[in-house]
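The values are calculated or read from the model by the stated rules, or taken from the named source; none is laboratory data. As the structure is a prediction and not an experimental result, all values here were calculated from the model. Don't worry about glycine lacking a Cβ; one is built from the backbone with ideal geometry, like all the others, and counts go over all protein chains shown. Ligands, DNA and RNA are excluded from the accessible area calculation, which covers all protein heavy atoms including side chains. Shrake-Rupley method; radii C 1.70, N 1.55, O 1.52, S 1.80 Å.
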Amino acid sequence: MVSVINTVDTSHEDMIHDAQMDYYGTRLATCSSDRSVKIFDVRNGGQILIADLRGHEGPVWQVAWAHPMYGNILASCSYDRKVIIWKEENGTWEKTHEHTGHDSSVNSVCWAPHDYGLILACGSSDGAISLLTYTGEGQWEVKKINNAHTIGCNAVSWAPAVVPGSLIDQPSGQKPNYIKKFASGGCDNLVKLWKEEEDGQWKEEQKLEAHSDWVRDVAWAPSIGLPTSTIASCSQDGRVFIWTCDDASGNTWSPKLLHKFNDVVWHVSWSITANILAVSGGDNKVTLWKESVDGQWVCISDVNKGQGSVSTSVTEGQQNEQ
């Protein structure tokens with residue numbers, strides 16, 4: 001049974017496109033077509049507005065928290081072609097960097113695993129993916145993959161910094177050989193996998209073909225070092241696929257249809273243990289899916305928009321907005 005434990009009245013003046021909890025689950029960042037990014041303290045079921053960040057000139061599509069070892073940092077991307085990186089200094093959130101290297105809407109931002117440093121991948125409707133790497137002293141280095149997806153890139157998601165199979169094979173004391181990889185989804189109906197070469201350039205490693213319409217989101221599953229790598233993708237075609245790769249070279253990926261929905265599927269998101277996938281779609285529903293012992297994906301819940309039993313008692317002075 002899944003129940004709604006908290007609702008947050010964001011006071012956004014238009015549609016909310018993304019909502020992300022920070023690493024510790026104490027703060028919630030939201031972004032909206034009203035051009036603002038908001039940060040709330042949601043500890044103990046509360047909802048205190050900490051920051052209302054204004055800097056974008058169009059709808060803000062996505063937000064992403066960096067790992068807290070780098071401080072309190074949040075990235076946002078917008079239809080205005082900009083990526084803004086916000087940082088909290090002495091309790092005040094300020095714009096610390098603005099990336100204006102895209103010619104069209106920037107649809108997705110995703111921070112690399114913290115092991116690699118502070119690196120942000122950004123996917124844009126201009127078809128390019130840019131990678132921003134913090135080099136210190138307030139400076140960011142930019143690498144760009146042009147024509148990553150014809151017509152546009154809708155989503156980016158990093159592979160975990162865990163070598164597949166390392167849980168079983170890794171000799172103790174040996175530093176693993178990390179290879180940076182990420183997945184992207186685009187308007188060419190493709191999921192693509194990208195790998196950093198030894199010379200620092202990014203190369204397309206795989207094209208994953210199964211969707212028949214725009215790929216709206218991709219999510220590379222977290223890993224504890226088991227041999228299998230897993231990616232979820234969702235599309236305008238209403239389908240969600242789970243892609244798995246069992247070979248160490250990472251060359252052979254096979255798709256399994258999780259479900260065919262009756263409407264566009266906007267987002268897919270893994271639980272931290274990678275055994276539950278959340279799927280949200282145009283029917284205003286969020287469903288949770290789990291792989292059964294026989295390898296079939298089964299729905300273990302669905303949470304209706306604005307409904308569901310609210311299991312928290314309302315704390316004193318806090319209105320329970322349904």
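Calculate, in whole percent, how much of the Cα-Cα pair population of the chain lies beyond 32 Å. Kindly include the intermediate steps, with their values, before the conclusion.
Values: 14180 of 51681 pairs.
Summing the P(r) tail past 32 Å for the chain gives 27 percent.
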With unit charges on the beta carbon (Lys/Arg positive, Asp/Glu negative), name the residue among Phe241, Leu120, Gly101 whose Cα is farthest towards the positive pole of the charge dipole of the chain. Phe241
What lysines does Lys82 reach when the alpha-carbon gap must be under 16 Å and sequence neighbours fewer than 8 apart in one chain are set aside? Lys95, Lys143, Lys144
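On the protein heavy atoms, probe 1.4 angstrom, tell me the percent of accessible surface of the chain carried by carbon and sulfur.
Carbon and sulfur together cover 47 percent of it.
Hey, got the dipole for the chain? About the Cα centre, +1 on K and R Cβ, -1 on D and E Cβ, debye to the nearest 20? Write out the running numbers ahead of the final one.
On the way: 25 positive and 40 negative charges, 60 e Å.
Roughly 280 debye, rounded to the nearest 20.
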At 0.36 nm per residue, and after removing the present C-alpha to C-alpha distance, how many nm does the segment from Asp9 to Arg54 gain when stretched out fully? 14.3 nm
Separation between Cα centres of the stretch 17-40 and the stretch 226-251, rounded to whole Å: 28
If you count only protein heavy atoms with a 1.4 Å probe, what accessible area per residue comes out for the stretch 207-295, rounded to a whole Å²? 48
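Quick check on the chain: helices-only [θ] at 222 nm, where DSSP H runs of length 4 and up contribute -39,500 (n - 2.57) each and the sum goes over total residues. Nearest 500, please.
The helix-only estimate for the chain comes to 0 deg cm²/dmol at 222 nm.
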